[in-house]
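Heads up: the structure comes next, in structure tokens.
Throughout, read-outs are computed from the coordinates displayed, never taken from laboratory work. No experiment lies behind these values; they were computed from the predicted model shown. Cβ placement follows ideal geometry from the backbone for every residue including glycine, while neighbour counts extend to all protein chains displayed.
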Amino acid sequence: MKSFESKTVIVTGGTRGIGRAVSLALAGQGARVIALYARSRKSAAELEKEALGKGLNISTIRGDLTHDDSYHEVVTRLHDECDHIDILVHSAASGVHRKAMELSDRQLKWTFEINFFAVHRLTRELIGKMGRGGRIIGITSPGGTHVIPSYTAVGSTKGAMDALFRHYAMELAPLGIAVNLVCPGLVMTEAAKALPELERMLNVTLDYTPSGKLTTSEDVAEVVAFLASDAASQIIGQTVVVDGGKTLLA
Ligand SMILES: NC(=O)c1ccc[n+]([C@@H]2O[C@H](COP(=O)([O-])OP(=O)(O)OC[C@H]3O[C@@H](n4cnc5c(N)ncnc54)[C@H](OP(=O)(O)O)[C@@H]3O)[C@@H](O)[C@H]2O)c1
């Protein structure tokens, strides 16, 4: 039997980048996956087509999680389509890249809306559908604990997410729901390509990564799949770093 047969999985940002790889990895082990996304119908259609070709159960729901009407449409569909949810993966994120002194309140609030408030709102909304054996996994970033150039806004949201997940882990462990974070190093997704100073970051990452290679979305997805598995039931409130050892170096 495949590990996630009969499991229902929700992956926010599940149609692109790291989230897409997570959707495919969990569906590849038998899960029914619902991948949420905001705008890119093309990415969603491509994922559904790939899933169909591979015989995987992946459907998608479009909706901006920061927009009230759109958020309510998404959760109404999730309530209609899922009588239970086993695994919730928060991969969706966005944000403004600015130096701290150039960052406006509006830009910071907008970044918090998707990377922090939408995470909490959706978790609170869906928790009633989860039970013993459940898993909540967030994708955080080294920018939550370290400085990445012009990553002030996203890094701040990730630091806040790290704290939020510690509280989730504490509150939900007694209910049999394990909460953890995965922290990837630089992964060359579309989002990463928009980073200022990307060229320099790539060179530094390659120079200072002991494994000698960049982390891929699939590397991250495999770790998410492990944390989602029964084997990881006693791992609670941890952040698993997937970066080829880069953070070992001072
Ligand atoms: N890439 C890296 O180097 C890296 C490193 C560390 C951590 N991370 C984290 O890993 C996660 C995935 O990153 P990624 O690089 O794979 O990003 P990505 O390729 O840009 O994918 C982001 C996903 O989030 C969705 N999304 C964005 N805004 C949304 C909104 N308002 N409502 C609903 N969905 C929304 C996007 O939907 P649409 O495509 O439809 O807009 C897309 O599916 C993020 O949490 C990121 O912070 C990434």
Centre separation in Å (Cα based) which lies between the stretch 115-161 and the stretch 32-50: 21 Å
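Which whole-number percent is the relative contact order of the stretch 130-250 (Cα, under 8 Å, 6+ apart)?
Relative contact order of the stretch 130-250: 32 percent.
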Expected 222 nm ellipticity per residue - DSSP helices of 4 or more, -39500 (n - 2.57), all of the chain, to 500: -13000 deg cm²/dmol
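Taking a ≥ b ≥ c as the square roots of the Cα gyration tensor eigenvalues, with a/c under 1.5 meaning rounded and otherwise prolate when a/b beats b/c, else oblate, which class fits the stretch 101-250?
Working: a/c = 2.34, a/b = 1.31, b/c = 1.78.
Taking the square roots of the gyration eigenvalues as a ≥ b ≥ c, the stretch 101-250 is oblate.
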Degrees, to the nearest 10: 217-228 long Cα axis against longest axis of the chain: 50 degrees
Choice from 57, 203, 180 showing the highest fluctuation, given a GNM over the chain with Cα pairs closer than 10 Å: 203
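Counting only C-alpha contacts under 8 Å and six or more residues apart, can you give the relative contact order of the stretch 8-242 as a whole percent? Mind dumping the intermediate values first?
Working: 428 pairs, mean separation 47.6, N = 235.
The value is 20 percent.
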0 to 90° range, to nearest 10: angle between helix 17-28 axis and the chain longest Cα axis: 30 degrees
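Quick one: order 187, 74, 33 by neighbouring beta-carbon count within 10 Å, fewest to most. Please report the intermediate quantities before stating the final value.
Working: 187 20, 74 24, 33 27.
Ordered from fewest to most neighbouring Cβ atoms within 10 Å, 187, 74, 33 come out as 187, 74, 33.
Determine one quarter of the surface area of the Cα convex hull of the chain, which equals its mean projected area, and express it in nm² to one decimal.
Value for the chain: 13.4 nm².
In the neighborhood of residue 186, defined by Cβ-to-Cβ distances under 13 Å, what is the net charge if each Lys or Arg adds +1 and each Asp or Glu adds -1?
Values: positive: 193, 200, 213, 246; negative: 197, 199, 207, 219, 243.
That sum, taken over residues with Cβ under 13 Å, equals -1.
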Burial ordering of 186, 164, 202, fewest other beta-carbon atoms within 10 Å first: 202, 164, 186
Relative contact order [Cα under 8 Å, 6+ residues apart], the stretch 4-48, whole percent: 45 percent
Ranked 204, 75, 182, 22, criterion: other C-beta atoms within 10 Å, fewest first: 204, 75, 182, 22
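May I ask for the net charge around residue 88, where only other residues with Cβ less than 13 Å from the Cβ of residue 88 are counted and Lys, Arg are +1 while Asp, Glu are -1? Walk me through the intermediate numbers first.
On the way: positive: 7, 121, 124, 129, 135; negative: 86, 125.
Net charge around residue 88: +3.
Looking at the chain, identify the longest residue range that excludes and avoids all GluC sites (Glu not before Pro) in DSSP loops having at most 16 other Cβ atoms within 10 Å. Working shown, then result.
Details: sites that count: 5, 197.
Value returned for the longest uninterrupted segment is 6-196.
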DSSP loop trypsin sites (Lys or Arg not before Pro) with at most 15 other Cβ within 10 Å excluded, longest remaining stretch of the chain: 133-212
Cα long-axis angle, helix 152-172 against the chain (0 to 90 degrees, to the nearest 10): 40 degrees
